[in-house]
Number of protein chains: 2
Amino acid sequence: MPTISIKGKNMPESPIRKLVPYAEDAKKRGIEVFHLNIGQPDIKTPDVALQAIKNNTIEVLAYSRSEGSEEYRQKLANYYGKHAISVTSQDIIITTGGSEALLFAMGSVCDYGDEIIIPEPFYANYNGFSTASGVNIVPVISKIEDNFALPPIEEFEKLISSKTKAILICNPGNPTGYLYSKEEIQKLATIVKKHNLFLIADEVYREFVYDNVQHQSVLSDFGLENHAIIIDSVSKRYSMCGARIGCLVSKNKEVISTALKFAQARLSPPTFAQIASEAALETPQSYFDEVTVEYKARRDVLISELSNIEGVKVGYPKGAFYCVVELPVDNADKFAQWLLEDFNLNNQTIMVAPAAGFYSTEGFGTKQIRIAYVLKKEDLITSVNILKVALTTYNKR
Amino acid sequence: MPTISIKGKNMPESPIRKLVPYAEDAKKRGIEVFHLNIGQPDIKTPDVALQAIKNNTIEVLAYSRSEGSEEYRQKLANYYGKHAISVTSQDIIITTGGSEALLFAMGSVCDYGDEIIIPEPFYANYNGFSTASGVNIVPVISKIEDNFALPPIEEFEKLISSKTKAILICNPGNPTGYLYSKEEIQKLATIVKKHNLFLIADEVYREFVYDNVQHQSVLSDFGLENHAIIIDSVSKRYSMCGARIGCLVSKNKEVISTALKFAQARLSPPTFAQIASEAALETPQSYFDEVTVEYKARRDVLISELSNIEGVKVGYPKGAFYCVVELPVDNADKFAQWLLEDFNLNNQTIMVAPAAGFYSTEGFGTKQIRIAYVLKKEDLITSVNILKVALTTYNKR
């Protein structure tokens, strides 16, 4: 019998995946499950994108260019221009989702055994991409008490070694919803320039910011032309998660020419999804305004309802559509399973994502869950009430 | 200035890419360029696949399952059953093209520094995937004089070390067009069982076999349930290169559960392309019959025309739509560039792929080119005539 690689054995399993059978079981028992566990928006995909697919006139579904079509990249550059990010089509490589952009970025800047510093908690799949790339994640802890603000820059300094190649942030953050301020990005800019590091910023939630605060991109006026790499995606922006179109953006020519070699090896990004993504750029501003109003309302009702539960702490989200919640339980993993396996309130229960999977430090986040507020307000109110009753029942067992 | 990784620097460039500017330049000078350099078929995508896209009723373009939709995988299992490959949906993971299936396979069976033995010449992008995965390719030479048949199995034995994890074949072969016989697969089966290796078979050209010879899959009756991993793709089968849908197939449960973790990290394969690929399974047999008749006719005319050029050797292709041609020139790379830069016959010229990029051994294949017979017969005849005149002119300079 041939053997699986250590790399393969070390690939993490999705922190939600192991709960799926319990959720399916609950549904079989007639229980309605509210999914607070996944960042799949219920928002409709813009009609202009869906119509472009229906109206396509392709006869031979051929390879596109490895870096994506010139037309789409030019329109994207124009989109970035409107967001204070001055780039040309030459600074953009279209990828198969933000996922592939992350893989290309890691491969372009890191060799086997190199390190990337990431504030934790962070998007769980960074663990998978780093394992696949042979890169070690060095976490720097951000705290729920600070709403997961940027940790003191000295904490980063302490962790920088000869193996450190980049700092990776997600802004606004999944799972924290934290939005970095101009001052925070400035601090990161100073440290990456001082130590000759890359600053990789996952900005896929750029449009999802509330309270009239402006998103600060690493490619705005921070002088990071040689250092910054943006990871982007159409998945959340246009509720097009299934398209699998993202991009890597950098003004560093060597980064682009290197990432292009990774892109050439896999030939091209998906053609139909590129058509939809190009058309999606025509989405009217009113779509985003409505979506933002909706998410802000959802956030407000969620945070307000959560604050009524004793012993619960929340990191206040200023962007994206997630928050991390600390619960008065010993082990959020077991609690999440119990919610599906042993609990219901009037034949309803909730599925949440245990937050330990969003940390790479063993033992961190064990009392925390991530809630994605991708459900309508009434369902969020019902869900938080289920959580409240469940916590009391759980702790009285 | 931060630095690019050694891995990134080592990523190979596409062997064709550097000729592209010369081809574009030639076109600007009014010269018609026949593209024999790329495996992009001119065959129409089956209507049933294109219609499925136009008729889709998606409102929220959501993530699909990481392993691909259950319906598609079940139908695929049924397709394999008709090709003497007995598998269930549980043995299949849908990937973003055959490219991603290769990355998942390499990551699942190899750690950094492990080795995979591949008969060369081989599909050039195996170099890129192995560099990206930190895997070393150990080539075993196959010869044009033997039509690129399987090298003697003792040659494989000599190369197997403690780091060897797999043998990788492409069957029928890109760039050689060689189709392995039952006896050859049997020999490979014996050696991988003896040494506890995986046998990874890239079978994306399964349908493209001529002369009434039957394709032999590694998952047919060779007793390789624990060893075999099939890499597959819809790209060539349905002329759907731009879809980016492939799959990884294995009866080895550990391979599937490991590859699934790689699949989960990148969330899901593209949704629209999955819809088209599922519908493509309804393509009538007449489509394949017509395509095969067309390619066989193209092959026959190509080989016949090439045999009229003095000093030219061809590996006789029994499948796929490529052949490797050895030319009476010192350096096929320079000749290919010269064809675009300095030569034309009645304002026409050809673009070919220098074959050195299909070898990993330095200095091999320098006199060879790959020709993709994806053009109609008249154009192939014109192309070979251009080649003939060009060779005479080139060698008289």
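Things to note:
- Segment B:194-216 - residue that is more than 20 Å from A:I4 (Cβ to Cβ) and out of contact with any strand residue (DSSP E or B) (no Cβ under 7 Å at 6 or more places or on another chain) and, of those, least open to solvent (accessible area, probe 1.4 Å): B:R206
- Each residue in segment B:275-306 was checked for being polar (S, T, N, Q) and open to solvent by less than 10 Å² (accessible area, probe 1.4 Å), and 1 of them qualify.
- Flag not set for A:I93, criterion: more than 9 Å from chain B (Cβ to nearest Cβ), among the hydrophobic types (A, V, I, L, M, F, W, C) and under 25 Å from A:S181 (Cα atoms).
- Being crowded, with 24+ Cβ neighbours inside 10 Å, touching a Cys at 6+ places or on another chain (Cβ under 9 Å) and either farther than 30 Å from A:T57 by Cβ or not assigned by TED's automatic domain parsing to the domain that holds B:Y126 (or both) is a property that does not hold for B:D232.
- Scanning segment B:220-258 for residues being small (G, A, S), within 18 Å of B:I116 (Cβ to Cβ) and either in a strand (DSSP E or B) or within 8 Å of chain A (Cβ to nearest Cβ) (or both) gives a total of 1.
- When the criteria are applied in full, B:V291 fails the requirement of being within 23 Å of B:H35 (Cβ to Cβ) and modelled with pLDDT of 95 or more.
- Scanning segment B:34-62 for residues that are under 17 Å from A:A49 (Cβ atoms) and polar (S, T, N, Q) yields B:N55, B:N56, B:T57.
- Members of segment A:57-79 found to be open to solvent by less than 70 Å² (accessible area, probe 1.4 Å) and either facing chain B (nearest Cβ under 10 Å) or in a loop (DSSP other than H, G, I, E, B) (or both), listed by number: A:I58, A:V60, A:L61, A:A62, A:Y63, A:S64, A:S66, A:E67, A:G68, A:S69
- Some residue of segment A:13-25 being at the interface with chain B (Cβ under 9 Å from one of its Cβ atoms), open to solvent by 30 Å² or more (accessible area, probe 1.4 Å) and either in a helix (DSSP H, G or I) or modelled with pLDDT of 95 or more (or both): yes
- Matching residues in segment B:55-85 - criterion: being small (G, A, S) and more than 23 Å from the chain's Cα centre (by Cα): B:A62, B:S64, B:S66, B:S69
- Any hit, segment B:357-379, residues being crowded, with 22+ Cβ neighbours inside 10 Å, outside the structural domain of B:P121 (by TED's automatic domain parsing), aliphatic (A, V, I, L, M) and over 17 Å from B:P172 (Cβ atoms): yes
- Some residue of segment B:322-340 being modelled with pLDDT under 95, β-branched (V, I, T), open to solvent by less than 50 Å² (accessible area, probe 1.4 Å) and within 22 Å of B:T292 (Cβ to Cβ): no
- Filtered residue count, segment B:26-42, keeping only those that are on the phi > 0 side of the Ramachandran plot and either facing another protein chain (nearest Cβ under 9 Å) or surrounded by 16 or more Cβ atoms within 10 Å (Cβ to Cβ) (or both): 0
- Cβ-Cβ under 9 Å pairs, at least 6 apart or on other chains, segment A:1-23 side at negative phi, far side in a loop (DSSP other than H, G, I, E, B) and among the acidic types (D, E): A:S5/B:D111; A:S5/B:D114; A:I6/B:D111; A:K7/B:D111; A:G8/B:D111
- Within segment A:278-324, considering residues that are within 19 Å of A:D379 (Cβ to Cβ) and more than 23 Å from the chain's Cα centre (by Cα), the one nearest to the other protein chains (Cβ to nearest Cβ): A:E305
- Selection status of B:N212, of a type outside the set (F, W, Y), over 23 Å from A:Q274 (Cα atoms) and at the interface with another protein chain (Cβ under 9 Å from one of its Cβ atoms): no
- Qualifying residue in segment A:255-270 (condition: without any contact (Cβ under 8 Å) to a residue 40 or more places away in the chain and open to solvent by less than 10 Å² (accessible area, probe 1.4 Å)): yes
- Residue within segment A:82-89 that is open to solvent by less than 70 Å² (accessible area, probe 1.4 Å), modelled with pLDDT of 95 or more, part of a helix (DSSP H, G or I) and in the same structural domain as A:K158 (by TED's automatic domain parsing) present: yes
- In segment A:43-56, the residue that is farthest from the other protein chains (Cβ to nearest Cβ) out of those that are in a loop (DSSP other than H, G, I, E, B) and either open to solvent by less than 70 Å² (accessible area, probe 1.4 Å) or modelled with pLDDT of 95 or more (or both) is A:P46.
- Looking across segment A:259-277, just one residue is more than 9 Å from every other protein chain (Cβ to nearest Cβ) and under 13 Å from A:A101 (Cα atoms), and that is A:A263.
- Scanning segment A:238-254 for residues that are farther than 20 Å from A:Y126 by Cα and either of a type outside the set (A, V, I, L, M, F, W, C) or open to solvent by 10 Å² or more (accessible area, probe 1.4 Å) (or both) returns A:Y238, A:S239, A:K251, A:N252, A:K253, A:E254.
The values are calculated or read from the model by the stated rules, or taken from the named source; none is laboratory data. Computed from a predicted structure; not experimentally measured. As a convention, Cβ positions derive from the backbone with ideal geometry for all residues, glycine included, and neighbour counts pool all protein chains shown. Only protein heavy atoms, including side chains, enter the accessible area calculation; ligands, DNA and RNA are left aside. Shrake-Rupley method; radii C 1.70, N 1.55, O 1.52, S 1.80 Å.
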